[in-house]
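Structure first, commentary second.
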Amino acid sequence: MEIERKYLIEQLPENLDQYPSHKIEQGYLCTSPVVRIRRQDDQYILTYKSKGLMVREEYNLPLTPQSYLHLKEKIDGNLISKTRYKIPLTEILTIELDIFDAPFDGLVLAEVEFPDEEMAISFEPPAWFGEDVTFSPASHNSTLSQCTVFRHASSDSER
């Protein structure tokens, strides 16, 4: 079970380079239900996610590099590329800060995963977090994968 809250970020935290980061590339074979392939550094994963916004089922299966490359040719829509920083928040909570590459330049999202719904509901985000987009399907990577034009709120031009 995945229980997470998601926020838009307008200003990056200081000293971001002090935190561990991963380069992520992911594509979607299906968006309803979500079936995703992901390469994170040298790990390859096939993920199934059920419907839902803050709470949903999630299953991960390992892939070989060859299987990933084979499935990558079959994705529907955009291949998403981003850098994910892992920023400790508490003893049990970590911020996953995603800085997106083209065609989503300018988009930065923070996700926090929780052990239970009660903690997710009562969560008070850090002051540097922006708008809570947890319940906005538009903030899902699976939705972004289907965008033909990306327009960031702080941008005057379409990307």
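Criterion first (touching a Phe, Trp or Tyr at 6+ places or on another chain (Cβ under 8 Å), over 18 Å from Ala127 (Cα atoms) and at pLDDT below 95) does Met54 satisfy it? Explain how you work it out, then say what you get.
Working: touching a Phe, Trp or Tyr at 6+ places or on another chain (Cβ under 8 Å): yes; over 18 Å from Ala127 (Cα atoms): yes; at pLDDT below 95: yes.
Taking the combined requirement at face value, the residue satisfies it.
Quick one: would you say Ser21 is hydroxyl-bearing (Ser, Thr, Tyr) and touching a residue at least 40 places away in the same chain (Cβ under 8 Å)? It is true that Ser21 is hydroxyl-bearing (Ser, Thr, Tyr) and touching a residue at least 40 places away in the same chain (Cβ under 8 Å). Among residues of segment 1-18 that are in a helix (DSSP H, G or I), those with a beta-carbon under 7 Å from a residue that is modelled with pLDDT of 95 or more and of a type outside the set (Gly, Ala, Ser) at least six positions away or on a different chain give the pairs Leu16/Tyr85. Here segment 1-41 is the region considered, the condition is being touching a strand residue (DSSP E or B) at 6+ places or on another chain (Cβ under 8 Å) and acidic (Asp, Glu), and the residue that is nearest to Asn141 (Cα to Cα) is Glu25. Contact map, segment 77-93: residues that are among the polar types (S, T, N, Q) paired with residues that are open to solvent by 50 Å² or more (accessible area, probe 1.4 Å) and in a loop (DSSP other than H, G, I, E, B), Cβ distance under 7 Å, separation 6+ or inter-chain. Pairs shown: Asn78/Pro103. Filtering Asp76, Asp105, Asp101 for residues that are among the acidic types (Asp, Glu) and closer than 24 Å to Glu57 by Cβ leaves a single hit, Asp76.
The values are calculated or read from the model by the stated rules, or taken from the named source; none is laboratory data. Note that the structure is predicted; figures quoted are calculated from it, not measured. All Cβ positions, glycine included, derive from the backbone under ideal geometry; neighbour counts span all protein chains shown. SASA here: full protein model, heavy atoms, side chains in, ligands and nucleic acids out. Shrake-Rupley method; radii C 1.70, N 1.55, O 1.52, S 1.80 Å.
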